[in-house]
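Everything on this sheet refers to the single structure shown next.
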Amino acid sequence: MIRFSKYLWLYALISGFVLIPGIYSLIRFGLKPSIDFSGGTLLEYRMSQPVSQAVITDVAAASGIALISVQQSGSGSYLIRMKQEEKPKIEGLTVSLERSASVTATIVRHETVGPILGRELLTKALYAALFAVSAILLYIAWAFKNVRFGVAAVIALLHDLLVVLGSFSLFGRFLGVEVDTLFVTAFLTTMSFSVHDTIVVFDRIREYTKRDRSRHFSDICDTALTETMNRSLTNSFTIIFMLVALVLMGGETTKWFVVALLIGTVSGTYSSPFVATPILLLWHRLEKRRTTA
Amino acid sequence: MFKNPKRVFILLFLLTIALVIIDLPENYRLKFTLFGRTVDRVINPPTIRLFGWTKQIQTSLGLDLAGGSHVVLEADMKDIKSSDRGSALESAKEVIERRVNFFGVAEPVVQTSVSENSYRIIVELPGVSDVERAIALIGQTALLDFREFTTPEEATAGAFTFPTLDNTKSAGITGKDLSSARLSFSQNTGEPEVAIEFTSDGTKKFGDVTGRLVGKALAIFLDSVPLTAPVVQTAITDGKAVITGSFTRDTAKTLALQLNAGALPVPVRPVEERTVEATLGEESVAKSIRAGAIGLGLVALFMVLQYGRLGLIADAALVLYGLLTFAVFRLLNVTLTLPGIAGFLLSIGMAVDSNILIFERYKEELRMGKPWGIAIEQAFGKAWDSIRDANFTTIITSLILYNPGNWGFLPSSGMVRGFAATLLIGVVMSLFTGIVVTRTYIRVFYKERA
């Protein structure tokens, strides 16, 4: 048995190390919204030859279109974002691009989202998240006959969500990564993941508490963590294999979605033994102190 | 009969064969030579016929994979009583559906979505990559309006005035009064024109109006744009008329189609448009399949390295899991999208988790000194609690994401749905394979050397 309960400070340190830059960035820079949220037009061009991004920006400016961003995805493939533009202007852009860079340019993806939808998506995502969190909290409280378990699981869940949000704030700041509808999906999936993992650990704690009431609670937690550690690692590895393959080999469209899932998985696995369980432990200690005092 | 693992195994074997047949690739050309005989045929999944119910088994691909246009139209309901809004939206949907079918789009999807104060129509057109044309087809309100001049001087034949919305007023006849419209050619000039026929109600109205306006101009507006302003020669009571304008053959035909399909009862405008070229979709499919295969291979290898022969059994169960889940996608017509594939692959990771939980339990029970036969059975029993609880939360989340009740306050985007559907089906199936299948395989094949 490993005495996990002795190193609570270390877990706090690790979580802090990951969370603080993310939260700082989240407050300072926020997230970079995609057209799903802000409204606008996204074009994916396939060019017969690579064109420098500066050329694209200049040509667009000459056609009277201010680009928000130009991003190369694969050779000769470009994602271009702009405010909402009508078809004639975009056709003009294609023609001038072809002329000035002497390439053939084809639009393979064309998305335009009006600004109302963005605001709506945000509130809907928020409702979905709140709804899911309360459903999960209720389920755990019911399954474990104890609100404490539910609250600890939800705090671990918030931890994971902050990790995902924080990293995407940093990605947005330094890599220009935007959050879109898919990110919202990954965000919500992280919730279920995080809890999935926590339940496995809590289930063990519940089992041992039932078996031996006189046993010290930190002892129980240590045994439970030792026994589930291998499973947690193995399971995360299988999911991580899957997701890493998707990040490296899958399409550009889902790349950052999968990255979000990946971060959520890693954080979800970490938070079960090192956030949820310590909270349970601290809560237990506090309560004990109060009853003995 | 389910008590005997060998019988269950035979059932599973039969199931596997059925699943393989359901999962057969579409239009796959099989060509090989075996013992001097050449086999060359195109493979397709079968069609199920059951008590008069037929189902063609095929994978439905979302627009992001198959290519096509996705358009969200918002209906402007400000002139419509709140009690009538639901039915106005429904009839707008029907009109759009008819128009889409008119233009021969294969398997279009037209849905309505109502949330709070927004009334929307979602149109998905596979294979149509020109979204502008698509909107022109479906969103054109094609509001035909017959208008008369407000001041008598302007209306007389001699003093020709260009009709505008300001100097005319509606004569009370609109596209709703038409029963049919078709392309025809002028007998005098051979120019294309649109021949219209009125409904019986419309015939009466049109007769009245033309009777009143003999010698005066009657302007015809399409979508608030004047098309033509012919001077009424005599009252038209037979309910037939032609619209002339500077039409080309195509524009006349389009107008006829639009008028035929009926004017939209409520104006709509696009708030979201997404188009994907089919080539990009094909690439995405190929990439996802390759990534999935590699990921799956790694997972399988890892399980064998970690658990030896038990890992092999888990891998065998995983194969059945893959076949089963894909078959369910096909049978339930789940539309596969890129996020959907990601959800499917993710659920594979979760399917393995059930096995990992059981195997870890098994190892523990062995360490306690139990004989392996008892240890493995107990491992299944004890791991079930965590497997059930853990998967239940995933089911809750995917249900919320899928939003089956179509609640307005939850997301209902196709992408999110695609992901939620595959994740949900995947997790439910994984409960079956993780427990029943692995257990049967172990009971039949696995023996620990003493």
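Since every read-out is calculated from the coordinates, none of them should be taken as a lab result. Bear in mind the structure is a predicted one, so any value in this text is a computation, not a measurement. Every residue, glycine among them, receives a Cβ derived from its backbone with ideal geometry; neighbour counts consider all protein chains shown.
Things worth noting here:
- Counting only other chain Cβ atoms within 10 Å of each residue's Cβ, the peptide A:127-139 averages 4.
- Applied to the range B:68-77, the Karplus parametrisation 6.51 cos²θ - 1.76 cosθ + 1.60 on θ = phi - 60° returns per-residue 3J(HN,Hα) values of x, 10, 10, 10, 10, 10, 9, 8, 8, 9 Hz, with x for Gly and Pro.
- Residues with amide H under 5 Å from that of B:F185, placed H, sequence gap 5 or more: B:E193
- Modelled FRET efficiency - R0 25 Å, A:H216 with A:L19, Cβ distances, 0.05 increments: 0.25
- What separates the Cα centres of the range B:265-329 and the range A:24-50 is a distance of 26 Å.
- 12 Å cut-off, amide nitrogen to a point 7 angstrom out along A:V55 Cα→Cβ, residues in the range A:83-105: A:97-105
- In this simple spin-label model, placing a label point 7 Å from the Cα along the Cα-to-Cβ direction at both B:A286 and B:N44 gives a separation of 2.5 nm.
- Added length on full extension, which subtracts the Cα-Cα distance from 0.36 nm per residue, A:K87 to A:K145: 15.0 nm
- Taking label points 7 Å from Cα along the Cα-to-Cβ direction, A:T106 and A:I68 give a separation of 2.7 nm.
- Among A:R119, A:R290, the ranking by other beta carbons within 10 Å of each residue's beta carbon, starting with the fewest, stands as A:R290, A:R119.
- Computed lengthening from B:K447 to B:S180, 0.36 nm per intervening residue step minus Cα-Cα distance: 88.4 nm
- The H on the amide N of B:V128, modeled in the peptide plane, is under 5 Å from the matching H of B:S69, each at least 5 residues off or on a different chain.
- Per-residue mean of foreign Cβ neighbours for B:266-274 is 4 (Cβ atoms of other chains, 10 Å radius).
- Residues A:H159, A:H196, A:H216, sorted so that the one with the fewest Cβ neighbours within 10 Å comes first: A:H216, A:H159, A:H196
- Here the Karplus curve 6.51 cos²θ - 1.76 cosθ + 1.60, taken at θ = phi - 60°, turns the phi angles of the range A:7-18 into couplings of 10, 3, 4, 5, 5, 4, 5, 4, 4, x, 4, 7 Hz, with x standing for Gly and Pro.
- Close amide H partners of B:L178, meaning residues 5 or more places away or on another chain with modelled amide H under 5 Å apart, are B:T199.
- By the count of other C-beta atoms within 10 Å, a proxy for reagent exposure, A:I136, A:I279 are ordered fewest to most as A:I279, A:I136.
- Sequence-ordered 3J(HN,Hα) estimates for the range A:256-263 from the Karplus curve with 6.51, -1.76 and 1.60 and θ = phi - 60° stand at 6, 4, 5, 4, 4, 4, 4, 4 Hz, glycine and proline given as x.
- Computed from the Cβ-Cβ distance with R0 of 56 Å, the FRET efficiency linking A:L248 to B:R37 stands at 0.85.
- 10 Å Cβ neighbours from other chains, averaged over peptide B:281-294: 4
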